[in-house]
Amino acid sequence: MQDESLERVLKLRWIVLVMMELVVFGVYYAYDSVVPVADFIIRELGVPRAQYGLLFSYYSLPNLLMVLLEGILLDRVGIRKAGMLFVTLCVNGVLMTAIGGSQSFQLMLLGRILYGMGAESLSVTQIKVLSKWFMGKEFAFAVGLHVTLVRLGNFSSLNLGTPLRSWSGNWLVVLWVAFGAIVLSFIVFLLYTRLDKAKQTAFSERGGEVATDKFVFLEVFKFKPSYWFVNFLSHLLFVCAAFCGILQDIP
């Protein structure tokens, strides 16, 4: 009976995959939501063109350190608690960005800081979620789909912003649609926590729950050179990608 219950839980991994992709789509849709309305932000809020790029800089600023610290937090308190914290930061950050669009550029920057603190750490959380539900070739497929939805979120935000603005006649609608997308991410992740709890219960009843590894910081120095090389390449890629939103606005 317990084996049948466990089998039913494991079959839910494809639902989990869909849920995680919905979460990541909403998170990264919000990232580029300020790009299609860049001219309006500059004009309506009286922001010098050179300062517009701060919306991306302030997103990245906390992640110089916070992703590492929040990764440690994720290992200590678990996916459900840490994930809900990160997605809540995203919701509040995108909300402040949308409100700031009609009030203050400084409020938008503060919102981007909160959003940045949550978004990248939530992405790490999602990878850990996938590693709990998928193994081997299935895990590679799940991560590949995850990255695809990241790019789809960026693509959708960049290409839907202008039509939304034209349809509504109000550029602020673009920011509020991004808020709606991140709220959807919040709801979906909240639903996922129920599935994660069901999986934990099923494994516990069977006596097969795998204990989590204890985090030891000094083990970082044991990583192979290939690990650091891949990280350098990833860093270089995202440095180049970060210029997308800024270069698009250069006349």
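Read-outs throughout are calculated quantities, based only on the coordinates presented, and are distinct from any laboratory measurement. If you're wondering where the values come from, they're calculated on a predicted model, not measured in any experiment. FYI the Cβ positions are ideal-geometry reconstructions off the backbone, even for glycines, and counts take in every protein chain you see.
According to the Kirkwood relation over distinct C-alpha pairs, the hydrodynamic radius of the stretch 104-180 is 14.8 Å.
Look at Met108, Met66, Met135 and count the other Cβ atoms within 10 Å of each Cβ; fewest to most, that gives Met135, Met66, Met108. Using all Cα-Cα distances in the stretch 59-123, what percent lands in each 10 angstrom bin from 0 up to the longest? The calculated distribution, bin by bin, is 26, 47, 22, 5.
Of the peptides 81-89, 191-199, the ranking by mean beta-carbon count within 10 Å, highest at the top, reads 81-89, 191-199. For the stretch 2-213, the average shadow cast by the Cα convex hull is 12.1 nm², which is a quarter of the hull's surface. Counting Lys and Arg as +1 and Asp and Glu as -1 over every other residue whose Cβ lies under 15 Å from the Cβ of Gly93, the net charge comes to -2. Multiplying the residue separation of Leu65 and Asn170 by 0.36 nm and removing their Cα-Cα distance gives an extension gain of 34.1 nm. With semi-axes defined as the square roots of five times the eigenvalues of the C-alpha gyration tensor, the equivalent ellipsoid of the stretch 56-173 measures 29, 20, 11 Å, largest first.
Between Ser131 and Ile72, the modelled labels are 1.7 nm apart [label points 7 Å from Cα along Cα→Cβ]. Fewest neighbouring Cβ atoms within 10 Å first, the residues Ser57, Ser185, Ser157 line up as Ser57, Ser157, Ser185.
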